[in-house]
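Peer 1: Mind having a look at this structure? Questions to follow.
What follows draws every value from the coordinates through simple rules; no lab data is involved. Quick caveat: nothing in here was measured; it's all calculated off a predicted structure. All Cβ positions, even for glycine, are placed from backbone atoms using ideal geometry, and neighbour counts span all protein chains on display.
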Amino acid sequence: MAVSVVVATIGWGFVAFAVMMLALLGVLVPRALGLRAAFDLLVVISVVVAGWSSVLGWYTSIVQWDTVVHTVLVGVLAALLYVIGERVGAVPQAGGRVRAVPVVLTLTFGLAIGAVWEMLEYLGHTYVDSTIFVGYRDTIGDLVADGAGALVCGFALPFLAAAQEVVPAREGEPRTLR
């Protein structure tokens, strides 16, 4: 991912640099959390594809690509937020007795992520680069895609959040999840 930051910056400039730095953050967070390998890989691939899609202009040049990326990436990020919430004890475990809470909260997280994304698109279009596409239909379509992806990932949370085990600590070190 560090190579992507350098290549995008040299080839496409400051906006590409900012996009790739955000993508780099998205790649580091799941690694730091020690997520299940399949979930980690899903997050990383989604973030890298979304970053390069922006840099290469695929959102406006490939029909419905924006919708696909919104559906997948925001769904995965909403599930990631849920897992973070589990880790800090703010939300119940996804595989627990109550199944509706993780789904509803993941949907809510997805819609919140989508709202922030749309605000950033607007600000980027208005103050940074007018080629960033914004519009009413695009915004509403993106938010619907965000909700759909988050809903699917909410139902998939028991799988995505599974297989995390506590790694015994050496003497004097805190216990960590793997």
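Peer 1: Return the sequence-ordered ³J(HN,Hα) values of region 120-126 in whole Hz as given by the Karplus equation 6.51 cos²θ - 1.76 cosθ + 1.60 applied to θ = phi - 60°, using x for Gly and Pro.
Peer 2: Per residue, the Karplus-derived 3J(HN,Hα) values read 5, 4, 4, 4, x, 5, 6 Hz.
Peer 1: Please name whichever of ILE62, ALA32, VAL19 sits farthest to the positive end of the charge dipole of region 1-142, dipole taken about the Cα centre and charges placed at Cβ: Lys and Arg +1, Asp and Glu -1.
Peer 2: The one lying farthest along the dipole's positive direction is ALA32.
Peer 1: Highest GNM mean-square fluctuation, the chain, Cα pairs closer than 10 Å: which of VAL103, VAL63, VAL72?
Peer 2: Comparing VAL103, VAL63, VAL72 in the GNM, the peak value goes to VAL63.
Peer 1: Moving on to the next point. Would you work out if region 1-70 is rounded, prolate or oblate? Take a ≥ b ≥ c from the square roots of the eigenvalues of the alpha-carbon gyration tensor; rounded if a/c is under 1.5, else prolate when a/b is larger than b/c, oblate otherwise.
Peer 2: Values: a/c = 2.94, a/b = 1.29, b/c = 2.28.
Oblate, because a/c is 1.5 or more while a/b does not exceed b/c.
Peer 1: Using unit Cβ charges (K, R positive; D, E negative) and no other charged atoms, how large, in debye to the nearest 20, is the dipole of the chain about its Cα centre? Kindly include the intermediate steps, with their values, before the conclusion.
Peer 2: Numbers: 9 positive and 12 negative charges, 118 e Å.
Once rounded to the nearest 20, the dipole reads 560 debye.
Peer 1: Apply the Karplus curve 6.51 cos²θ - 1.76 cosθ + 1.60, θ = phi - 60°, to the phi angles in region 27-37 and return the couplings in whole Hz, x for Gly and Pro.
Peer 2: Karplus values, whole Hz, x for Gly and Pro: 7, 6, 4, x, 5, 5, 7, x, 5, 3, 4.
Peer 1: Sticking with this one: Could you work out which residue, out of LEU80, LEU42, LEU56, moves most in a Gaussian network model of the chain, that is, has the largest mean-square fluctuation with Cα springs under 10 Å?
Peer 2: Its mean-square fluctuation being the largest, the pick is LEU56.
Peer 1: Would you kindly derive the ³J(HN,Hα) couplings of region 144-157 from the backbone phi angles with the Karplus curve 6.51 cos²θ - 1.76 cosθ + 1.60 (θ = phi - 60°), listing them in order in whole Hz, with x for Gly and Pro?
Peer 2: Each residue of region 144-157 in turn: 5, 4, 4, x, 5, x, 5, 5, 4, 5, x, 5, 7, 3 Hz.
Peer 1: Just to be sure I understand, if you calculate volume of the Cα convex hull per residue in Å³ for this structure, which of (i) 128; (ii) 196; (iii) 205 do you get?
Peer 2: (i)
Peer 1: Classify region 93-139 as rounded, prolate or oblate from the Cα gyration tensor: take a ≥ b ≥ c as the square roots of its eigenvalues, call it rounded if a/c is under 1.5, otherwise prolate when a/b beats b/c and oblate if not.
Peer 2: Working: a/c = 5.90, a/b = 3.62, b/c = 1.63.
Since a/c reaches 1.5 and a/b is larger than b/c, the shape of region 93-139 is classed as prolate.
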